[in-house]
Amino acid sequence: MEMGLNYKRKLEKNWLVIYVRPRWEKKVDRLLQEQGVETFCPLRTTENQWADRKKKVSVPLFTGYVFVKIDDRDLTKVRYTLGVINYIYFMGKPAVIRESEIEQLKELVKTYNNLEIINLNDLSPGDRVRIRSGLFYNHEGKIIKVQGKTVLMSLDHIECALVTCIEINHLVKASPLNTALCTR
């Protein structure tokens, strides 16, 4: 009888997180759904700017991750799906996400289309960054101060510094300035 209860417990479906190949979140989501696996790949809408046009596209909220609701029987099937790298582990076992957290996340995505994940720990004063969109696209500078979702930074320009506030989501870390090239 005890063995039967343990078997039933293992067949309970839980939300797990899988790590996928870069830019494969939507493909993996589709492939798993085609296999009958319940998945959740939260998307947000963003506007991409090209030289000749603008286009709204859906991009994953969590880059590199997809949520799956499976029991122990489906662990291998999911793991060997094209594009899946592995599960996210916690204490030696696939990390389980509570149903209530997934439901809250679904509600947030449905209610707020402009959600974005910003890791504030990645940027700090003194870091060199490159602007990835807008008027100063591809210009580099140094962070002076992080203020919530904006950054006060000095931009490197023709022999002077221009100080401005830029939204964090418009920045990417740049390689350190090579001082050997600057000496004359």
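Yes or no: segment 164-172 includes at least one residue that is under 28 Å from PRO42 (Cα atoms), surrounded by 10 or more Cβ atoms within 10 Å (Cβ to Cβ) and either modelled with pLDDT of 80 or more or touching a Ser or Thr at 6+ places or on another chain (Cβ under 6 Å) (or both).
Going through segment 164-172, the residues under 28 Å from PRO42 (Cα atoms) turn out to be 166-172.
Filter again for surrounded by 10 or more Cβ atoms within 10 Å (Cβ to Cβ), leaving 166-172.
Narrowing further to those that are either modelled with pLDDT of 80 or more or touching a Ser or Thr at 6+ places or on another chain (Cβ under 6 Å) (or both): 167, 170.
There is at least one residue in segment 164-172 that is under 28 Å from PRO42 (Cα atoms), surrounded by 10 or more Cβ atoms within 10 Å (Cβ to Cβ) and either modelled with pLDDT of 80 or more or touching a Ser or Thr at 6+ places or on another chain (Cβ under 6 Å) (or both).
Conditions first: (1) within 24 Å of ARG98 (Cβ to Cβ); (2) at pLDDT 95 or above. LEU61 passes all but one, so which condition is the exception?
Unmet condition: (2).
Report, by residue number, each residue of segment 10-49 that is in contact with a Gly (Cβ under 7 Å, 6 or more places away or on another chain), assigned to a loop (DSSP other than H, G, I, E, B) and surrounded by 15 or more Cβ atoms within 10 Å (Cβ to Cβ).
Result: TRP24, single match.
Of LYS69, LYS56, LYS93, LYS77, which residue is farther than 29 Å from HIS170 by Cα and touching an Asp or Glu at 6+ places or on another chain (Cβ under 7 Å)?
LYS69
Would you tally the residues in segment 68-112 being farther than 17 Å from VAL20 by Cα, basic (Lys, Arg) and surrounded by 13 or more Cβ atoms within 10 Å (Cβ to Cβ)?
Selection size over segment 68-112: 1.
Conditions tested, residue by residue: (1) among the aliphatic types (A, V, I, L, M); (2) in a helix (DSSP H, G or I); (3) more than 17 Å from VAL37 (Cβ to Cβ); (4) assigned by the TED database to the domain that holds LEU31.
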residue	(1), (2), (3), (4)
VAL68	yes, no, no, yes
THR76	no, yes, no, yes
LEU82	yes, no, no, yes
ASN86	no, no, no, yes
ILE102	yes, yes, no, yes
LYS106	no, yes, no, yes
ASN138	no, no, yes, no
ILE143	yes, no, yes, no
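Return the residues of segment 77-94 that are modelled with pLDDT under 95 and out of contact with any strand residue (DSSP E or B) (no Cβ under 6 Å at 6 or more places or on another chain); say none if nothing qualifies.
Matches in segment 77-94: TYR89, PHE90, MET91, GLY92, LYS93.
Does ASP29 meet the test of being free of Cβ contacts under 8 Å to residues at least 40 places away in the same chain and in contact with a Cys (Cβ under 9 Å, 6 or more places away or on another chain)?
In short, yes.
The values are calculated or read from the model by the stated rules, or taken from the named source; none is laboratory data. Note that this is a predicted model, so its numbers are computed, not measured. Virtual Cβ from ideal backbone geometry, glycine too; neighbours counted across all protein chains shown.
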